[in-house]
Amino acid sequence: MDIFEELRRAVARAREENDLPDFLAERLCRIAGQPERYRHLAADIADLAGQVALYDTYGQTGYMGMGVNNAVLEGSIRRLEEAGRSPAGQ
C-alpha cells in the first residue's frame with residue numbers, strides 16, 4: 001500500500017473511531033488525493049498518517065499526554081499544504 005492510501009485509511013479510521021472533525025478530514029483527503037503534488041514529501045506524509053492514527057479529540061490531556069489533538073494535526077496539515085504549493089526541490 002502506498003503512503004497516500006495509508007493516509008486515506010487512517011483518516012477513515014479516525015473519523016469512525018475517534019470523531020476526527022470533517023474540516024480536518026477534508027483537508028487530509030485533499031492531500032491524499034494529490035500524490036503528484038505531495039510525492040516529494042513522502043516522509044512527511046508518512047508522519048502525518050502516523051499522527052492521524054494517534055488522533056484523539058482530547059489528545060495531550062490524558063495520562064502521559066499521549067495522542068494528537070486538533071491543534072497538532074492542523075499545524076502538520078498546514079505545513080504540508082504550504083510545502084505542496086512550492087515545486088519539488090525548491
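The values are calculated or read from the model by the stated rules, or taken from the named source; none is laboratory data. Note that the coordinates shown come from a computational prediction; the quantities given were computed from them, not determined experimentally. Every residue, glycine among them, receives a Cβ derived from its backbone with ideal geometry; neighbour counts consider all protein chains shown. Remember, those area values only see protein heavy atoms, side chains included, never the ligands or the DNA or RNA. Shrake-Rupley method; radii C 1.70, N 1.55, O 1.52, S 1.80 Å.
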With the requirement that a residue be open to solvent by 60 Å² or more (accessible area, probe 1.4 Å) and either modelled with pLDDT under 85 or more than 14 Å from the chain's Cα centre (by Cα) (or both), what does segment 57-81 give you? Tyr58, Gln60, Thr61, Tyr63, Met64, Met66
Just to be sure I understand, how many residues within segment 10-27 are in contact (Cβ under 8 Å) with a residue 24 or more places away in the chain, open to solvent by 10 Å² or more (accessible area, probe 1.4 Å) and part of a helix (DSSP H, G or I)? 3
Identify all residues within segment 14-59 that are touching a Phe, Trp or Tyr at 6+ places or on another chain (Cβ under 9 Å) and basic (Lys, Arg); write none if there are none. Arg39
Would segment 28-36 turn up any residue that is part of a loop (DSSP other than H, G, I, E, B), open to solvent by 40 Å² or more (accessible area, probe 1.4 Å) and within 23 Å of Arg85 (Cβ to Cβ)? yes
Scan segment 8-63 residue by residue and report those that are polar (S, T, N, Q) and farther than 16 Å from Glu74 by Cβ. Gln34, Thr61
